[in-house]
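None of the figures in this text is laboratory data; all of them are computed from the coordinates on show. These numbers were taken from a predicted model, which means no experiment stands behind them.
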Amino acid sequence: MENALCLSDILAGGDHTLVAAYLKGNQVAFQTLVERYQRRLINYINLSVHDYELAVDLAQETFIRVYRHAESYEARYNFSTWLYRIATNLIIDEIRRRKRRNRFLFENFFFLLSRKELSNSLPDESRSPEKTYGRKEKLERIQNAIDSLPPKYRLAFVLKEIQDLPYEEISDILNISPGTVKSRIHRAKMLLREKLSGIL
């Protein structure tokens with residue numbers, strides 16, 4: 001009964017408690033961390049690589065690295081910060097790999113349409129074929145604009161505007177100052193406004 005209660009307390013605890021329990025050999029604690037962050041992590045990676053199967057693979061690789069190197073986790077950081085930093089490094093590696101093959105795409109821009117800044121800018125159109133085609137053209141322009149953002153601006157933009165993380169956490173994930181985070185996000189928005197001047 002005491003062991004069951006102890007396990008229950010661990011699973012109900014915060015990330016630090018779960019990591020500490022895993023380091024002591026508790027595999028259920030690690031699985032709880034995976035279940036807690038898996039969906040969010042896959043969504044974040046998918047927004048950057050626009051390939052769901054690849055996003056699942058990279059998320060799995062992220063957790064494998066956590067599993068193997070949990071002892072290097074520093075409790076002064078949020079676990080989520082460490083997790084996103086590992087995932088971001090994998091994303092950057094993938095971007096570099098695609099750039100070498102000139103195949104980098106960032107097509108998952110539809111999520112941006114739910115953000116106030118862009119969604120309020122697009123007119124509400126009917127479903128007629130002509131207007132549907134016009135909307136498709138606009139979405140393609142948005143896609144191209146996002147695709148053209150340099151990776152350092154794109155990652156900061158996605159972490160803030162889509163993942164809705166605070167500046168301080170983005171700063172830790174990207175290993176840059178909060179001021180640089182704000183600057184990159186601002187620059188990303190300015191570049192998007194320039195490229196989407198006919199829409200926004």
Query raised in the report: Where the centre of each part is set by its Cα atoms, how far does the range 137-165 sit from the range 28-99, in angstrom?
Result: 19 Å
Query raised in the report: In nm, what is the difference between 0.36 nm times the number of residues separating ARG187 and LEU23 and their Cα-Cα distance?
Result: 54.9 nm
Query raised in the report: What pairs from LYS152/LYS182; LYS136/LYS160; LYS136/LYS182; LYS160/LYS189 go past 23 Å between their alpha carbons?
Result: LYS136/LYS160; LYS136/LYS182
Query - Value of relative contact order over the range 8-88, rounded to a whole percent, pairs C-alpha under 8 Å and six or more apart - result: 28 percent
